[in-house]
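Below is one structure, written out as structure tokens; the observations come after it.
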Amino acid sequence: DQQVKQNSPSLSVQEGRISILNCDYTNSMFDYFLWYKKYPAEGPTFLISISSIKDKNEDGRFTVFLNKSAKHLSLHIVPSQPGDSAVYFCAAMIQGAQKLVFGQGTRLTINP
Amino acid sequence: DVKVTQSSRYLVKRTGEKVFLECVQDMDHENMFWYRQDPGLGLRLIYFSYDVKMKEKGDIPEGYSVSREKKERFSLILESASTNQTSMYLCASSYPGTVHDGELFFGEGSRLTVL
């Protein structure tokens, strides 16, 4: 049973435009959410996170939005750059448990 | 910088062979994890460990075991490899209570093919 779902396997965006990656979760106990980025032949790296007490967190070009009532979060990248082309994984956890549940991933391609 | 090193990037094994995947981290992290990554399924947790000699099952532990004799080293063992264990295996570590709770540091991965 997939508790964290990324329903778009791939997304293609033009350089300079906004990229929006979506993620849904089913477990209402999750209270901390993270995004990871993965390049080919490398391990995933942490990108940005958000606690359930917030609805938005920004870090430079990256913003994560959380809608608890809809059990939905999204990652916005503005402006998108070619180096953002990667697979993005959404993850969720119960804070303190240190155990992450990951989504299936979305492959983002930024076109020049 | 945190470094998580996985001993083999690519392995090819035969069905029934015993397989060891080794992982070493150099930042004195207490938590270590083994995930496998498969297309369309994302990363799934196999086993994790909070401390030396401690282990807990993740979501898909069947067919796997682990060993953590030293804090820096976490080994994944496939007692009798099967073709459905062909996958990318990712080791990760973390230190509990960091500012970034849940921030895992991953190795580069070990791609295992079982024939």
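Go through the residues of region B:66-87 one by one and say whether even a single one is within 11 Å of another protein chain (Cβ to nearest Cβ) and either farther than 27 Å from A:GLY103 by Cβ or surrounded by 13 or more Cβ atoms within 10 Å (Cβ to Cβ) (or both). No, because not a single residue in region B:66-87 is within 11 Å of another protein chain (Cβ to nearest Cβ) and either farther than 27 Å from A:GLY103 by Cβ or surrounded by 13 or more Cβ atoms within 10 Å (Cβ to Cβ) (or both). For region A:82-93, the criterion of being hydrophobic (A, V, I, L, M, F, W, C), in contact (Cβ under 8 Å) with a residue 24 or more places away in the chain and away from every other protein chain (no Cβ under 11 Å) is satisfied by at least one residue. Here is the figure for region A:91-112: residues that are surrounded by 17 or more Cβ atoms within 10 Å (Cβ to Cβ), in contact with a Ser or Thr (Cβ under 8 Å, 6 or more places away or on another chain) and under 18 Å from A:GLN6 (Cα atoms) total 2.
Checked against the criterion of being in contact (Cβ under 8 Å) with a residue 60 or more places away in the chain and not aromatic (Phe, Trp, Tyr), region B:69-78 has at least one qualifying residue. Checking each residue in region B:1-23 for being surrounded by 16 or more Cβ atoms within 10 Å (Cβ to Cβ) and within 21 Å of A:LEU100 (Cβ to Cβ) picks out B:VAL4, B:GLN6, B:LEU21, B:CYS23. Against the numbered list (1) in a loop (DSSP other than H, G, I, E, B); (2) within 14 Å of chain B (Cβ to nearest Cβ), A:PRO79 comes up short only at (2).
Being hydroxyl-bearing (Ser, Thr, Tyr), assigned to a loop (DSSP other than H, G, I, E, B), loosely packed, with under 13 Cβ neighbours inside 10 Å and away from chain B (no Cβ under 11 Å) is a condition met by at least one residue of region A:67-75. In region A:39-49 there is at least one residue matching the filter, namely being touching a residue at least 40 places away in the same chain (Cβ under 8 Å), within 11 Å of chain B (Cβ to nearest Cβ) and either aromatic (Phe, Trp, Tyr) or outside any strand (DSSP E or B) (or both).
Kindly indicate whether B:THR5 is in contact with a strand residue (DSSP E or B) (Cβ under 9 Å, 6 or more places away or on another chain), in a loop (DSSP other than H, G, I, E, B) and over 13 Å from B:LEU104 (Cα atoms). The answer is no for B:THR5.
To keep it simple, each residue is scored yes or no on (1) modelled with pLDDT of 95 or more; (2) part of a loop (DSSP other than H, G, I, E, B); (3) within 12 Å of B:CYS23 (Cβ to Cβ).
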residue: B:ASP59; (1), (2), (3): no, yes, no
residue: B:GLY63; (1), (2), (3): yes, yes, no
residue: B:VAL66; (1), (2), (3): yes, no, yes
residue: B:ASN84; (1), (2), (3): yes, no, no
residue: B:MET88; (1), (2), (3): yes, no, no
residue: B:CYS91; (1), (2), (3): yes, no, yes
residue: B:THR98; (1), (2), (3): no, yes, no
residue: B:ASP101; (1), (2), (3): no, yes, no
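Residue count for region B:8-49 under the criterion of being within 11 Å of chain A (Cβ to nearest Cβ), outside any strand (DSSP E or B) and more than 14 Å from B:LEU104 (Cβ to Cβ): the result is 4.
With respect to A:LYS56, is the statement that it is surrounded by fewer than 19 Cβ atoms within 10 Å (Cβ to Cβ), modelled with pLDDT of 95 or more, away from chain B (no Cβ under 14 Å) and within 29 Å of B:GLU56 (Cβ to Cβ) true?
Here the answer is no, as A:LYS56 does not meet what is asked.
Is there a residue in region A:21-42 that is within 12 Å of the chain's Cα centre (by Cα) and β-branched (Val, Ile, Thr)? No, because not a single residue in region A:21-42 is within 12 Å of the chain's Cα centre (by Cα) and β-branched (Val, Ile, Thr).
The values are calculated or read from the model by the stated rules, or taken from the named source; none is laboratory data. Keep in mind that this is a model prediction, so the values were computed, not measured. Backbone-built Cβ (ideal geometry, glycine too); neighbour counts: all protein chains shown.
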